[in-house]
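Report on the structure given below.
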Amino acid sequence: GAVVSQHPSWVICKSGTSVKIECRSLDFQATTMFWYRQFPKQSLMLMATSNEGSKATYEQGVEKDKFLINHASLTLSTLTVTSAHPEDSSFYICSAAGPSLDTQYFGPGTRLTVL
Amino acid sequence: AQSVTQLDSHVSVSEGTPVLLRCNYSSSYSPSLFWYVQHPNKGLQLLLKYTSAATLVKGINGFEAEFKKSETSFHLTKPSAHMSDAAEYFCVVFSGRDSSYKLIFGSGTRLLVRP
């Protein structure tokens, strides 16, 4: 299967700072990328869907001004958690898909801890 | 609306014995169903995928799942558990209607394999 990377794999930051997480599809062009959030011992919840060159579509209840998503190229999407607070601490996972949206390749995830 | 329900939060088996992870789905049309596995600190890996071609789907690592429309089930099985199978397993349905295309994850089942 295709390879998707995330950077960083973990990050610790102070409350009030912003954190950027990168998601890259290494060996294919991803028309669409997805961002998920996973709390400890819980399932994955879709946060937003992003298509290259257009604005992301956020799921209900996800603050678009807090979780900024940029999908500037077919191989890179970024998630910026702005003014992070302890309740934003979570495991963030991205996935990338080509033309067939039901076939998603997942990154290894980024663990964010906000102090 | 599509949804999946994983009936067991934890399943414990002895090495070498069969594995059964249960999943029921709800869908107003023929669904695309998946099983993913998540090992600690690793990305999600696709085990298998059902898209109406055949009701018995064979996946990687000896896993298979059977789609039963009459029971709205898509249970995951393996004849003989291996220690390396210990992980979190997610049953997933693809929602592809009304301009909203996304994977919907079940709550997960943690598989424990006893030596």
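If the condition is being farther than 22 Å from B:LEU47 by Cα and facing chain B (nearest Cβ under 9 Å), then the stretch A:98-115 contributes only A:ARG111.
Screening the stretch B:4-80 for strands (runs of 3 or more DSSP E) wholly inside it with 1 or more residues that are free of Cβ contacts under 8 Å to residues at least 24 places away in the same chain returns the ranges B:44-50, B:56-58, B:64-68.
Exactly one residue out of B:LEU33, B:LEU7 is touching a Lys or Arg at 6+ places or on another chain (Cβ under 8 Å) and open to solvent by 50 Å² or more (accessible area, probe 1.4 Å): that is B:LEU7.
For the stretch A:1-65, list the strands (runs of 3 or more DSSP E) that sit wholly inside it and hold at least 1 residues that are touching a Cys at 6+ places or on another chain (Cβ under 6 Å); which are they?
By residue number, A:4-7, A:19-25, A:32-38.
Considering A:SER95, A:SER83, A:SER77, which residue is more than 11 Å from chain B (Cβ to nearest Cβ) and open to solvent by less than 40 Å² (accessible area, probe 1.4 Å)? Criteria check complete, one pass: A:SER77.
Answer yes if at least one residue in the stretch A:36-46 is of a type in the set (Phe, Trp, Tyr), without any contact (Cβ under 8 Å) to a residue 60 or more places away in the chain, over 18 Å from B:LYS102 (Cα atoms) and within 14 Å of chain B (Cβ to nearest Cβ), and no otherwise. Within the stretch A:36-46, one or more residues are of a type in the set (Phe, Trp, Tyr), without any contact (Cβ under 8 Å) to a residue 60 or more places away in the chain, over 18 Å from B:LYS102 (Cα atoms) and within 14 Å of chain B (Cβ to nearest Cβ).
Residue check: is A:THR17 modelled with pLDDT under 95 and β-branched (Val, Ile, Thr)? It is false that A:THR17 is modelled with pLDDT under 95 and β-branched (Val, Ile, Thr).
How many of the residues making up the stretch B:89-115 are without any contact (Cβ under 8 Å) to a residue 60 or more places away in the chain, surrounded by fewer than 19 Cβ atoms within 10 Å (Cβ to Cβ) and within 10 Å of another protein chain (Cβ to nearest Cβ)? Looking only at that region, the number is 3. In the stretch B:42-53, the condition of being within 14 Å of chain A (Cβ to nearest Cβ), open to solvent by 30 Å² or more (accessible area, probe 1.4 Å) and modelled with pLDDT of 95 or more is met by no residue.
The values are calculated or read from the model by the stated rules, or taken from the named source; none is laboratory data. It should be emphasised that the depicted structure is a prediction, and the values quoted were computed from it without experimental measurement. Here the Cβ is made from the backbone with ideal geometry for all residues, glycine too, and neighbour counts use every protein chain on show. All accessible areas refer to the heavy atoms of the entire protein, side chains included, with ligands and DNA or RNA removed. Shrake-Rupley method; radii C 1.70, N 1.55, O 1.52, S 1.80 Å.
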